[in-house]
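Notes follow once the structure below has been shown.
The values are calculated or read from the model by the stated rules, or taken from the named source; none is laboratory data. Since we're looking at a predicted model, the values are computed, not measured. We place every Cβ from the backbone using ideal geometry, glycine too, and count neighbours over all the protein chains shown.
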């Protein structure tokens with residue numbers, strides 16, 4: 001097992017979902033790799049912060065709850081406990097759910113994507129964990145091409161008034177996404193972008209503590225946005241970004 005495997009399996013390790021054999025291999029690598037051990041400690045710290053963020057600002061889900069009650073009133077609702085980070089991610093995912101039109105089916109965002117985006121933003125933009133960023137235009141273009149993203153789509157988001165600063169590849173929900181950082185006047189937005197595959201992320205906006213989150217799918221592009229900018233700024237950025245892609 002190498003460092004890349006550790007990075008990919010870390011969410012399963014945190015949630016206790018690794019089988020005995022893989023956990024043994026995972027632990028053996030970490031015990032001999034200072035870099036991976038440090039990364040795991042950092043992730044545990046961020047996971048704790050994420051749970052605190054969610055607990056600090058309860059989600060207003062009254063409208064969703066009302067729809068649920070109307071749809072399944074004859075049934076008994078069962079609540080299943082989700083341990084650790086998964087619980088925080090699931091709660092944020094509920095907040096990020098947008099009520100569908102009558103003929104549409106509800107489409108919640110994958111909790112793992114939300115949790116990984118929050119963790120990644122917190123580690124890299126708030127805690128300034130060392131990462132290998134690409135700031136050169138040609139290098140960013142290479143990253144875009146590797147993920148099937150058009151350069152004009154990335155540059156179009158600068159119509160929001162924020163300028164692209166740097167980029168790198170990260171993993172959200174076990175899949176590769178481009179992490180783009182747009183900034184203006186010291187304020188930064190993490191934009192996680194990926195070509196849409198089987199399931200689109202829903203258009204949504206929410207907050208958890210000091211973090212603001214938004215997501216949308218437009219054409220072949222899906223994006224998740226995270227920032228610690230003042231409340232309302234993330235939703236505005238997402239709206240302007242989606243409009244810029246028209």
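Within the range 211-233, track down each residue that is touching a helix residue (DSSP H, G or I) at 6+ places or on another chain (Cβ under 7 Å) and in a loop (DSSP other than H, G, I, E, B). Result: 228, single match. When 178, 143, 149 are screened for being touching a residue at least 12 places away in the same chain (Cβ under 8 Å) and part of a loop (DSSP other than H, G, I, E, B), only 149 passes.
Within the range 1-25, restricting attention to residues that are without any contact (Cβ under 8 Å) to a residue 12 or more places away in the chain and assigned to a loop (DSSP other than H, G, I, E, B), the residue that is farthest from the chain's Cα centre (by Cα) is 19.
Out of the residues in the range 26-39 that are buried (at least 16 other Cβ atoms within 10 Å of the Cβ) and part of a helix (DSSP H, G or I), state the one that is farthest from the chain's Cα centre (by Cα). If we take residues in the range 26-39 being buried (at least 16 other Cβ atoms within 10 Å of the Cβ) and part of a helix (DSSP H, G or I), then 29 is farthest from the chain's Cα centre (by Cα). Considering the range 116-131, and only residues there that are at pLDDT 85 or above and over 11 Å from residue 170 (Cβ atoms), the residue that is surrounded by the fewest Cβ atoms within 10 Å (Cβ to Cβ) turns out to be 128.
Whenever a residue of the range 108-134 is under 19 Å from residue 186 (Cα atoms), its partners that are part of a loop (DSSP other than H, G, I, E, B) and at pLDDT 85 or above, lying with C-beta atoms within less than 9 angstrom and at least six residues away or across chains, give the pairs 121/228; 122/228; 124/133; 125/228; 126/228.
Scanning the range 185-222 for residues that are modelled with pLDDT of 95 or more and over 14 Å from the mean Cα position of the chain (by Cα) gives a single hit, 188.
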